[in-house]
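The values are calculated or read from the model by the stated rules, or taken from the named source; none is laboratory data. Just so we're clear, the structure is a prediction, and the values are computed from it rather than from any experiment. Glycine gets a Cβ as well: all are built from the backbone with ideal geometry, and neighbour counts include every protein chain shown. What goes into the accessible areas is simple: the full protein's heavy atoms, side chains included, and nothing from ligands, DNA or RNA. Shrake-Rupley method; radii C 1.70, N 1.55, O 1.52, S 1.80 Å.
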Amino acid sequence: MPRFAPFPTTRMRRVRRTPALRALVREDRLAVDDLIWPVFVREGEGTLEEVPSMPGVVRRSVDMVVEAAEQAAALGIRAMCLFPYTDASLRTEGCEEAWLPDNLSNRATRAIKAAVPGMAVMTDVALDPYNANGHDGIVRDGVIVNDESVEALVRMGLAQAEAGADILGPSDMMDGRIGALRAALEEAGHQDVTIMSYAAKYASAFYGPFRDAVGASGRLVGDKKTYQIDPLNAEAGLRCVERDLSEGADMVMVKPGLPYLDMVRRVKDRFGCPTFAYQVSGEYAMIRAAAAQGWIDGERVMMESLMAFRRAGCDGVLTYFAPEAAGLIAKGWE
Ligand code: PBG
């Protein structure tokens, strides 16, 4: 039995007739609070460097990251996520740069926390920006070795917590890293540092422009299919989420975003935990490119895509569009 009378008693269009009526029946809202802004950090001073495959996205020197944090805060953005573009000379097989207290990412974290203490800083726990071969874990004889990688990731995460990170974002997909990180954080007195696990992270071609941005594209030997999830596997994604929650993740992420909204909904329904999605670089690039051609209305598609994340069940979304979207939300976007 339908819960409404048939046409013409019920006319769905009645509540769509005016902006005021549409606002009254709107089921959800996109807020600036929902946005996490990923930014790329590089060496230098006063430096902004375009990322060709991500028009509108730049790599910033630490001082410019601070400026960006101040601008973001003025727009109401409360969380940023840092990704370093590491100098080629610092990329090694052992990835030692990843856990140096004064590496690029840690310097940027300190600088943001000093200038904008209220900004939540999220850092990336994965070895790819430091690895000579572009992988997220340590490679021995062509194999991405799990347990040794986890040890390295723990050292890395502890250095990030030490630098003042509020959220650690393990994006590496090694097994056991959440439990190992959580235990190490507890032991080191960082019991209040949160972990947002890249839990349902798929082996995706949508990451292409990001790998350009962090300088990992040309270096990557092979692919990441031995650790990232097969795009056809929904149950495997859910098991990874459950596993990571059981090991101490406070929040979980689905990645990529729009092509994997079904996973967002399933995660939210099944676990009810803080659920995030990453609108990744390829998604960003596609919207930008089509908009630049005049084939789509870039602003509207951007906002609609972000609303779709909310509808699917996201508490928040990592998006390169964050400042632009925040600006439109402030102007009263509907
Ligand atoms: C790797 C990492 C990737 C992204 C975030 N962290 C790429 C990958 O797994 O190769 C992708 C983000 C994006 O595409 O915007 N640790």
Worksheet item: Which is farthest toward the positive dipole end of the chain among Ala292, Ala132, Ala72, measuring Cα position about the Cα centre, with Cβ charges +1 (Lys, Arg) and -1 (Asp, Glu)?
Response: Ala292
Response to the item:
Expressed in nanometres to one decimal, the distance between label points 7 Å along Cα→Cβ at Trp333 and Arg311 is 1.5 nm
Worksheet entry | Relative contact order (percent, whole number), the chain, Cα cutoff 8 Å, 6+ residue spacing | 18 percent
Worksheet item: Taking a spot 7 Å from the Cα of Ala88 along the direction of its beta carbon, which residues of region 214-240 have an amide N less than 18 Å from it?
Response: 214-221
Worksheet item: Which of the aspartates and glutamates could a cross-linker span from Lys224 if the Cα-Cα distance has to be under 15 Å and same-chain partners fewer than 8 positions apart are dropped?
Response: Asp128, Asp136, Asp172, Asp175
Fill in: GNM flexibility winner over the chain from Gly316, Gly218, Gly237 (Cα, springs under 10 Å)
Gly218
Item to complete: For helix 281-292, report the angle its Cα long axis makes with the longest principal axis of the Cα atoms of the chain; keep it between 0 and 90° and round to the nearest 10°.
Response: 50 degrees
Worksheet item: What size of dipole, in debye to the nearest 20, comes out for the chain about its Cα centre when the only charges are +1 on Lys and Arg C-beta atoms and -1 on Asp and Glu C-beta atoms?
Response: 2100 debye
Item to complete: Give the value in nm², to one decimal: projected area of the alpha carbon convex hull of region 160-245, averaged over all directions.
Response: 6.6 nm²
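Enter the accessible area per residue of the chain (Å², integer; probe 1.4 Å; all protein chains in place). Can you show the working numbers first?
Details: 15060 Å² over 334 residues.
Value for the chain: 45 Å² per residue.
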Fill in: C-alpha long axis of helix 234-246 to longest principal axis of the chain, angle in °
60 degrees
Discussion item. Restricting to bridges with both residues inside region 29-330, how much of the DSSP beta-bridge set is antiparallel, in percent to the nearest 5?
Written reply: 15 percent
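With runs of 4+ DSSP H residues as the only contributors, calculate the mean residue ellipticity of the chain at 222 nm using -39,500 (n - 2.57) per run, divided by the residue total and rounded to the nearest 500. Could the numbers behind the result be given before it?
Working: 11 runs with 126 residues, N = 334.
Roughly -11500 deg cm²/dmol at 222 nm, from the helical runs in the chain.
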Practice prompt. Give the span of region 1-139's Cα atoms along each principal axis, as three whole-Å numbers ordered largest to smallest.
Written response: 71, 36, 28
Worksheet item: What's the extension gain from Asp262 to Arg239 if we count 0.36 nm per residue and subtract their Cα-Cα distance?
Response: 6.8 nm
Worksheet, complete the sentence: Here region 311-325 yields Karplus 3J(HN,Hα) values (6.51, -1.76, 1.60; θ = phi - 60°; whole Hz; Gly and Pro given as x) of 4, 6, x, 6, 6, x, 9, 7, 8, 5, 7, 3, x, 5, 5
Item to complete: Report the label-to-label distance for Asp102 and Glu151 in nanometres (one decimal), using points 7 Å from each Cα along the Cα→Cβ vector.
Response: 2.7 nm
Worksheet item: So what is Rg over Rh here for the chain, counting just Cα atoms and using Kirkwood for Rh?
Response: 0.99
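How many percent of the accessible area of region 29-330 is carbon or sulfur, using a 1.4 Å probe? All intermediate terms of the calculation are to be shown ahead of the outcome.
Values: 6090 of 11700 Å².
Here carbon and sulfur together make up 52 percent of the probe-accessible area.
How long are the semi-axes of the equivalent ellipsoid of region 92-196, taking √(5λ) for every eigenvalue λ of the Cα gyration tensor, in whole Å from largest down?
On the way: eigenvalues 108, 47, 20 Å².
They are 23, 15, 10 Å, listed largest first.
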Fill in: Cβ-Cβ FRET estimate between Met1 and Asp230, R0 fixed at 30 Å, reported to 0.05
0.15
Worksheet item: To the nearest 10 degrees, how steep is helix 261-271 against the longest Cα principal axis of the chain, on a 0 to 90 scale?
Response: 80 degrees
Discussion item. Just to be sure I understand: with springs between alpha-carbon atoms less than 10 Å apart, which residue in Leu245, Leu48, Leu232 has the highest mean-square fluctuation in the Gaussian network model of the chain?
Written reply: Leu232
